[in-house]
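Here the structure is laid out as structure tokens; the discussion comes afterwards.
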Amino acid sequence: MDKMRITGGKPLNGTVKISGSKNAALPILVSSLLADGVSTYHNVPNLMDIASILRLLEHLGAECRMEDHVVTIDTTGFSNHEAPYELVRKMRASVLVLCPLVARMKKARVSLPGGCAIGARPVNLHIKGLHRMGAQVELNHGYIEATAKKLTGNEIFLDLPTVTGTENLMMAAVLAEGVTIIRNAAREPEIIALADTLNQMGGNVQGAGTSVITVHGVSSLNPITTRIIADRIETGTFIAAAALTRGNITLTECTPQHLSAVIHKAQLAGAQIELGNDSVTVKGPETIKSVDVKTLPYPGFPTDMQAQFMVLMSLASGLSIISETVFENRFIHVSELRRLGADVVVSGNAAMIKGVPKLSGAPVMATDLRASASLILAGLAAEGVTEVHRVYHLDRGYEKIEKKFAEIGAQIERVPE
Ligand code: UD1
């Protein structure tokens, strides 16, 4: 297992090219199962989570290749309907194969993903929605076992606008008989990206990006060639990096419109931000101002940016409150940030952050993907040396993060433990 060694305290200056979106790529790669033949995906980030989903698709009988950010998936040999515990356990998003399996194979046996560091994260809404479309679903021995002679369109109300739940159900509805209406659907850009993909395959999905998605089922879909959108969370992480190192960073090949909430809060914190069509330039402020933040489903402030923004607030000039409303236990980075000198108190779903003039480097332990990113950011801002242990979490979701930071002036290296 590797660790990252960072000597912080330097402003970061330069240009960073943003990679393709992990969270858009995962459902889109899975959607290949809905058609017979070879699909090609460009701008796929080279990440551990992508390797995990390709391994699962191969287990199901597809042939997958990845070269230079281009993935081809041949589903001709797709024949297996079981997603085993060993593969789902590594990555919760593996549950995205549930609905495509039922839509194509009429049956699925998918391991229930467990809870994870940030919360219980049930998949009851995926299951309820699939049941509404006529599938028999049972939980046996830790597996979701679903069968359906055919799927039939229906109205589905989601108690919460679940992102992967909405994606899973869109993939069932696209091949179901009749019309499916998903109410209280998630509105994230990744949902629109999947809907665009399904439509390019010959599906009929309307309303993605709003809270009501209407899907007119079709009898079959075609393989396609498409491109993955930019990663908005990677973009946001670099915006935070520029702001808290008082640097000047231009991010290219990104989609600033997907980051309105983060950009707004960064501006309130004092960052100067210039927006291009597919670029953002961020200049960090001399004095970081305190800003309150509440995480919400899109278009609200993303929970996946909460830990990184907390690092910025820990160096602000006053008090700020960050409320986490999406996941119940997403403050595990707090105790590690405290080791660097951050002054943060957690009460229920709120963290109160009293800005300090500086952080000081220390050894810390990464606990989940975005928490790990926050520790890297804290290390970049801190005086002295920070060692972030267990960086495999980072490799799940950030492509060559140390290389990207080194290219803009960070002193950061990966060292084997
Ligand atoms: C996705 C993202 C993740 C992000 C999260 C919220 C992917 C691969 N992952 O995760 O990076 O942090 O959205 O933006 O895209 N819930 C239920 N029942 C369900 C499903 C969800 O109660 O059946 C709850 C969850 O516990 C959570 C909330 O709904 O409290 C939102 O979760 P959800 O949107 O489903 O997150 P993911 O899709 O797993």
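Readers should treat all values here as calculations from the given coordinates under stated rules, not as data from a laboratory. If you're wondering where the values come from, they're calculated on a predicted model, not measured in any experiment. Cβ coordinates were reconstructed from backbone atoms using ideal geometry, including for glycine residues, and neighbour counts include every protein chain displayed.
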Inset, instruction - Two decimals is fine: what is log10 I(q)/I(0) at q = 0.15 Å⁻¹ for the range 316-417, from a Debye sum with one equal scatterer on every Cα and no solvent? - result: -0.64
Legend entry - Computed over the range 143-253, Kirkwood Rh from alpha-carbon pairs, angstrom: 15.7
Legend entry - Distance-filtered residues of the range 328-346 - backbone nitrogen under 12 Å, label point 7 angstrom along residue 356 Cα→Cβ: 335-345
Legend entry - Charged-residue dipole, Cβ positions (Lys, Arg, Asp, Glu), the chain about Cα centre, Debye nearest 20: 580
Legend entry - 20 °C / 1.002 mPa s Stokes-Einstein diffusion coefficient of the range 11-56, Kirkwood radius on C-alpha pairs, µm²/s: 175
Inset, instruction - Within the range 235-292, list the GluC sites (Glu not before Pro) lying in a DSSP loop whose Cβ has at most 10 other Cβ atoms in a 10 Å radius. - result: 286
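Calculate how many DSSP beta bridges within the chain are antiparallel, expressed in % of all such bridges and rounded to the nearest 5.
70
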Legend entry - Relative contact order for the chain, counting Cα pairs under 8 Å that sit 6 or more residues apart, in percent: 21
Inset, instruction - Round to a whole angstrom and tell me the spacing of the C-alpha centers of the range 6-36 and the range 165-190. - result: 24
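Per residue of the chain, what 222 nm ellipticity follows from adding -39500 (n - 2.57) for every DSSP H run with n ≥ 4, rounded to the nearest 500?
Values: 14 runs with 131 residues, N = 417.
Per the formula, -9000 deg cm²/dmol.
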Legend entry - Principal-axis tilt of helix 232-244 within the chain, Cα atoms, nearest 10 degrees: 0
Legend entry - Gain upon complete extension [residue 212, residue 76; 0.36 nm per residue less C-alpha separation]: 45.6 nm
Inset, instruction - Could you let me know the centre-to-centre spacing of the range 322-352 and the range 139-158, using Cα atoms, in angstrom? - result: 37
Legend entry - Degrees between helix 163-173 axis and first principal axis of the chain (Cα, 0 to 90, nearest 10): 20
Legend entry - Surface/4 of the Cα convex hull for the range 81-143, nm²: 4.1
Legend entry - Among the listed pairs 107/149; 106/128; 3/283; 3/289; 3/294, those beyond 20 Å (Cα-Cα): 3/283; 3/289; 3/294
Legend entry - Cα lying deepest toward the dipole's positive end in the chain, options 307, 341, 219, charges on Cβ: 341
Inset, instruction - Report Rg/Rh for the chain, rounded to two decimals, where Rg is the Cα radius of gyration and Rh the Kirkwood radius. - result: 0.98
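Pull out the extension gain between residue 325 and residue 222, defined as 0.36 nm times the separation in residues minus the alpha carbon to alpha carbon distance; nm, one decimal.
My answer for the length gained is 33.2 nm.
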Inset, instruction - For the range 230-306, evaluate the Debye formula with one uniform point scatterer on each Cα (no solvent term) and list log10 I(q)/I(0) at q = 0.17, 0.21 Å⁻¹, rounded to two decimals. - result: -0.56, -0.87
Legend entry - Distance cut-off 20 Å, percentage of C-alpha pairs in the range 256-389 lying past it: 43
Inset, instruction - Sort out for me the Cα centre separation of the range 219-272 from the range 395-412, rounded to whole Å. - result: 16
Legend entry - Estimated vicinal HN-Hα couplings, Hz - the range 269-280 in sequence order (Karplus 6.51, -1.76, 1.60; Gly, Pro = x): 6, x, 5, 8, 10, 10, 9, x, 5, 10, 8, 9
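Within 10 Å of each candidate Cβ there may be at most 11 other Cβ atoms; applying that plus a DSSP loop requirement, which trypsin sites (Lys or Arg not before Pro) in the range 72-180 survive?
149
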Legend entry - Å³ per residue enclosed by the Cα convex hull of the range 302-373: 75
Legend entry - Relative frequency of Cα-Cα separations exceeding 32 Å in the range 22-227, percent: 6
